[in-house]
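The values are calculated or read from the model by the stated rules, or taken from the named source; none is laboratory data. The structure presented is a predicted model; accordingly, all values stated were derived computationally and were not measured. All Cβ positions, even for glycine, are placed from backbone atoms using ideal geometry, and neighbour counts span all protein chains on display. Accessible surface areas use protein heavy atoms only, side chains included; no ligands, DNA or RNA. Shrake-Rupley method; radii C 1.70, N 1.55, O 1.52, S 1.80 Å.
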Amino acid sequence: MSITLSSRRTFLQATVRGGAALPLLTSLGVATNAIASDLTETENSLCLFEADAAMGADMAAGVRQIGLAYQTVTLDDAAGWSAMLDTLESARGRSLAVLGRPATVFAVRGMLEPTWRVVLEGRHGRQVGSQMRHEFAGLDAPMKQLAGWLDRVRDPAQYAVVLASMTRGEFSADAERKTLDLNSHVWPGSDLVSLLAWPKGVV
Amino acid sequence: MESVLPPGIKREQFAALLADLKKVVGREFVFTDTQWELPAYNDAYLTTPAELHQPSAAVAPANVEELQRVLEVARHYKAPLWTISTGKNFAYGGPAPRKAGYIVLDLKRMNRILEVNEKHGYAVVEPGVSYMDLYRHLQKIGSKLWVDCAAPGWGGVLPNMTEHGVGYTPYGDHVTMQCGMEVMLADGTLVQTGMGALPGSQTNHLYKYGLGPSVDGLFTQSNFGVVTKVGMWLMPEPPGYRPYMITFEKESDLHAITEVLRPLKVNMLIPAVAMTVEMLWEAAVQITRRDYYTGKGPIPDSVRKKMRSDLKIGAWNFYGALYGPPPMMDNTWEVIHDAFASIPGAKFYFDEDRSKDDVAWQYRKKLGAGIPNMTEYNVMNWIPNGAHIDFSPISPVTGADATKQYELIRDRCNKAGFDYCGEFAVGWRDMHHIFCLTFDRNDAKQKARANKLFGDLVDAAAAAGYGEYRTHVDFMDRIAGTYNWNDSALLRMHEKVKDVVDPSGILSPGKMGIWPKSMRKGKA
Ligand SMILES: Cc1cc2nc3c(=O)[nH]c(=O)nc-3n(C[C@H](O)[C@H](O)[C@H](O)COP(=O)(O)OP(=O)(O)OC[C@H]3O[C@@H](n4cnc5c(N)ncnc54)[C@H](O)[C@@H]3O)c2cc1C
């Protein structure tokens, strides 16, 4: 499906009020079905995440609850990789949230660019001591929105849900790229990288 | 990121050039946006500043007709192009051009699988066909032919071959398995090599050499043309496949392992590209360094021992596979087993002996049967912001040479503060020794150290009589400079050929140290 700038904007304007508030409600266990049912054209966003037992199940539940389509990603087997390629192929025109270990996200990014726009990359690494370092590079607006959630999310699964909800944001392609480094409490599991990618033509 | 211009081209000319390219391929397939598009054409694994390899644009033709017209535009403006196909040449430069300002010629859109010949066992593909694409296609049509893939399944069948790449089945030497090539010269002439030069040829992909000089090799690791099509022989699925792993306890066992395997390999009891893998490679695909050690410098022996015991791996790990009818595999295994059992502490494993969660075993098992995957990319998870460039000297299959190369690299690498992470891919009569030099790509000092180490290794290896089989864009001149027998006669011959087949010097200037006349003096 290809989406023109204007129809995309209309869609976003209609849905952006759901924004990043939605996932927190989800994570707090508040029923979000009523809100989610307000959202139309949910097929316009997609979440890809690494099939990792440590974070996978919760994440799937979360993104399902806010009505996003999702697909797990793996480096390890042809069938999984192949399914991801099919998904990406059919996802033209959708926005994407990606979360996984660095190598996996590197590989996904390699399949996206240059025909998609990666509006934000976040590198989330455990520091010595009990800190988590988040290094963001990309557009200011999503970066700032995400920054506000870092200390509020408990684990990668919750972060994924916040990230996935950002695919509904509206960002300007002309905005300058920036970087932002922040610390938060430690999340369980390994170092991660996240991406927000927008369809070319929308950004 | 600031935009750059192709060398020797002024801004107005560049604008006209881009307009001409857009007329050929359409606006959508000329990429110039420095923020959103061109970073994808640089190398994420550089040890040098990214500006040195920043392209001015990228252009993606859809077919040979468009390619022909792109070359015409490039000739008109004398604009350097840098050819890539799938563009995943990471560890050796990724899609990045040799110098800043080149226009990347991206052939990803030329991705047709033109023929699969089940009877004779071959496929004919265009440049943009990845291993994964070919595998998916073969599965879809129910073919009984296997792909032979490099460890990263997103790489291209054609470009991996032109880079002299390797896979892991008996068809792992990709250049050997290539038969029939179509190549476009810089002047736009399309050439069929070998039997393909005969109109209506019935044997283009069956016999490699045709009549007269066999020229296919001239278009591998070179900048003499753009390869637009190749035939690749594919292995028919064998009646049986039994991969195995043998672990060895001591670092010094490398000598004995190599001595034992040579006769087995030369006599074809080990038909595939077998692997002798050092323990840290095995570890890096499944754990992170920090899981075991947070200190600086090389990992201490006590920690290495713990890793080995947790992961059930040896100091060295040999991977091979048996192919054929079961009785044949049984017989061959007896010979292989007895030979390696002579090394004290050798342990033998088949699939049923390794865990389903053993990441290293599982992906090697797939590679031995040509099933593409990307697991090996996990080595970049080994350290935070991990990246690597590969130093790849060729070694004779002798214990003395393997040990000498291993020590030559290990000692310099430890001194420079890096872990040795390497493997030997055993070919027909040689071993490709791959040292995966892993560094933090956000740490400028570490990158500079990695760069210096790499250069030192090139010199030390050359002094000992060892040359590399391919290399990263940053080291092409340096390594080409070591192949300097008889006053660099080979390089001078390459330059003569270059001047004749590409007088405007538009195709990949500097590839493997070969520069067109106009750029020869200004070599970086
Ligand atoms: C973790 C890891 C593991 C790896 N394992 C392996 C392995 O097992 N085996 C192996 O071989 N490599 C391996 N590599 C190296 C590399 O990733 C592969 O060789 C990969 O296949 C090369 O990228 P590509 O196929 O996309 O080629 P491309 O990037 O498209 O091309 C590579 C080069 O070939 C030339 N070229 C491309 N297309 C053409 C053309 N049409 N005409 C003329 N010249 C052309 C160009 O000079 C180009 O720079 C590994 C790398 C990493 C990071």
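Odds and ends about this structure:
- Rounded to the nearest 10 degrees, the angle from helix B:301-311 to the longest Cα principal axis of chain B is 90 degrees.
- Here the accessible area is traced with a 1.4 Å probe on the protein chains. For region B:241-472, carbon and sulfur cover 55 percent of it.
- Per-selection metrics, region B:178-226 (Cα): Rg and Dmax in Å: 10.5, 29
- Largest to smallest accessible area among A:Glu135, B:Glu407, B:Glu282 [probe 1.4 Å]: B:Glu407, A:Glu135, B:Glu282
- Compactness index (Cα Rg / 2.2 N^0.38 Å), region B:255-382: 1.14
- The modelled label-to-label distance between A:Ala147 and B:Glu407, using points 7 Å beyond Cα along the C-beta direction, is 5.5 nm.
- Computed over region B:72-150, the P(r) tail beyond 20 angstrom holds 46 percent of alpha carbon pairs.
- Distance in nm between pseudo-label sites at B:Lys521 and B:Val175 (7 Å out along the Cβ direction from Cα): 3.4
- log10 of Debye I(q)/I(0), alpha-carbon scatterers only, for region B:420-524 at 0.10, 0.11, 0.13, 0.16 Å⁻¹: -0.37, -0.44, -0.61, -0.86
- Above-threshold pairs, the threshold being 20 Å between Cα atoms, out of B:Lys250/B:Lys366; B:Lys108/B:Lys208; B:Lys99/B:Lys498: B:Lys250/B:Lys366; B:Lys108/B:Lys208
- Considering only alpha-carbon pairs that sit under 8 angstrom and 6 or more positions apart, the relative contact order computed for region B:241-472 is 29 percent.
- Inter-chain shielding of A:117-126 (mean C-beta neighbours from other protein chains, 10 Å cut-off): 2
- Our summary of shape: the Cα atoms of region A:138-203 have principal axis extents of 37, 20, 18 Å, ordered from largest down, in whole angstrom.
- Helix-derived mean residue ellipticity, 222 nm - over the protein assembly as shown, DSSP H n ≥ 4, -39500 (n - 2.57), to 500: -10000 deg cm²/dmol
- Inter-site label distance for B:Arg112 and B:Leu185 at 7 Å from Cα along Cβ, in nm: 2.4
- Chain B: angle of helix B:326-341 to the longest principal axis, Cα-based, in degrees nearest 10: 70
- In the context of the full protein assembly, B:Lys265 retains an accessible surface of approximately 10 Å², using a probe radius of 1.4 Å and ignoring ligands and nucleic acids.
- Estimated D of the protein assembly as shown in µm² per second, where Rh is the Kirkwood radius over Cα pairs and Stokes-Einstein applies at 37 °C, 0.692 mPa s: 122
- A Förster radius of 22 Å combined with the Cβ-Cβ distance from A:Asp155 to B:Arg290 puts the calculated FRET efficiency at roughly 0.70.
- Comparing each chain alone with all protein chains together (probe 1.4 Å, DNA, RNA and ligands left out), the residues of region B:335-382 losing at least 20 Å² of accessible area are B:Lys366, B:Met374, B:Thr375, B:Tyr377, B:Asn378, B:Met380, B:Asn381.
- Accessible-area composition of region B:113-236, carbon plus sulfur, in percent [1.4 Å probe]: 58
- Take the Cβ atoms of B:Ser3 and B:Asp357, set R0 to 45 Å, and the FRET efficiency comes out at 0.40.
- Put simply, the C-alpha atoms of region B:147-213 give a gyration tensor, and the ellipsoid matching it has half-axes of 25, 15, 9 Å, longest first.
- Summed over both chains, the area buried between B and A is near 2700 Å², taken from the accessible surface of protein heavy atoms with a 1.4 Å probe.
- Normalised contact order of chain B, rounded percent, pairs of Cα under 8 Å and 6 or more residues apart: 16
- Gain on full stretching of the segment that runs from B:Asp430 to B:Val215 - 0.36 nm per residue minus C-alpha separation: 75.1 nm
- Diffusion coefficient, µm² s⁻¹, Stokes-Einstein with Kirkwood Rh over alpha-carbon pairs of region B:241-472 at 4 °C and 1.567 mPa s: 71
- Angle between chain B longest axis and helix B:64-77 axis [Cα atoms, degrees, rounded to 10]: 60
- Accessible area (Å², per residue) of region B:113-236, counting only protein heavy atoms and a probe of 1.4 Å: 37
- Ordered by 1.4 Å accessible area with all protein chains kept, B:Tyr102, B:Tyr77 run largest first as B:Tyr77, B:Tyr102.
- Tail beyond 17 Å, pair distance distribution of region B:270-322 (Cα, percent): 39
- With all protein chains modelled, accessible area of A:Ser184 [1.4 Å, Å²]: 0
- Residues with amide H under 5 Å from that of B:Asn373, placed H, sequence gap 5 or more: B:Gly153
- Sorting B:Asp390, A:Asp174, A:Asp77 by accessible area puts them as A:Asp174, A:Asp77, B:Asp390; the probe is 1.4 Å, largest comes first, and only protein heavy atoms count.
- Counting only heavy atoms of the protein chains and using a 1.4 Å probe, B:Val260 has close to 30 Å² of accessible surface.
- P(r) tail fraction, chain B - alpha-carbon pairs more than 44 Å apart, %: 15
- Per residue, the convex hull spanned by the alpha carbons of region B:113-236 comes to 101 Å³.
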